[in-house]
């Protein structure tokens, strides 16, 4: 139980830290003048990471709730009923509780899956944006080199023309 609570606290701390950092990004978006593609990229990063942080806070609350509510201990009690010396029977309340806990953990796993999907989407967006910016920089450098080469060739032609005159 202590491990689950510790993980919940760590997860909540990461989420709060990430939210704080994302709101700094949001303030930066509002105050600085950026190129439209940079602004669009940073807005997307802010949205994805803020959503992920909120989902992580919810996940931390659900994990802590599973243990603090006593639900996990009750689930363990029901699981050990058949192992008792005089074998005990499951009551309809026990079966209903097991179904509720199963749904609860399915929701937790679904939320975890959604967090992972958003993280993968964020990673993909970073990769695509980086590749786009690299191509833009390479294009600008190519243009500058072509301009410098044209100037150099023109200077060479002018030097030849002076020598022949």
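A short reminder: the numbers here are calculations on the coordinates, not readings from a lab. Small disclaimer: the values here were computed from a predicted structure and weren't measured. Methodologically, a virtual Cβ is constructed for each residue, glycine included, from the backbone with ideal geometry; neighbour enumeration extends over all protein chains shown.
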What residue among 11, 42, 134 has the largest mean-square fluctuation in a Gaussian network model of the chain, using Cα springs under 10 Å? 134
Candidates 39, 135, 153: whichever shows maximal mean-square fluctuation once the chain is modelled as a Gaussian network with Cα springs under 10 Å: 153
What is the distance, in nm, between label points placed 7 Å from the Cα along the Cα-to-Cβ direction at residue 131 and at residue 31? 3.5
The stretch 100-165 and the stretch 36-90: distance between their alpha carbon centers, rounded to Å: 38
Using a cut-off of under 15 Å, list every residue of the stretch 127-156 whose amide N is near the label point 7 Å from the Cα of residue 163 along the Cα-to-beta-carbon line. 153-156
In the Gaussian network model of the chain, springs joining C-alpha atoms below 10 Å, which of 81, 149, 111 carries the largest mean-square fluctuation? 149
Degrees between helix 36-68 axis and first principal axis of the chain (Cα, 0 to 90, nearest 10): 10
As I understand it, the value is the acute angle between the Cα axis of helix 2-31 and the longest principal axis of the Cα atoms of the chain; what does it come to in degrees, rounded to 10? 30
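With Rg and the Kirkwood Rh both taken from Cα atoms, where does Rg over Rh land for the chain?
Details: Rg = 30.0 Å, Rh = 21.3 Å.
Value, to two decimals: 1.40.
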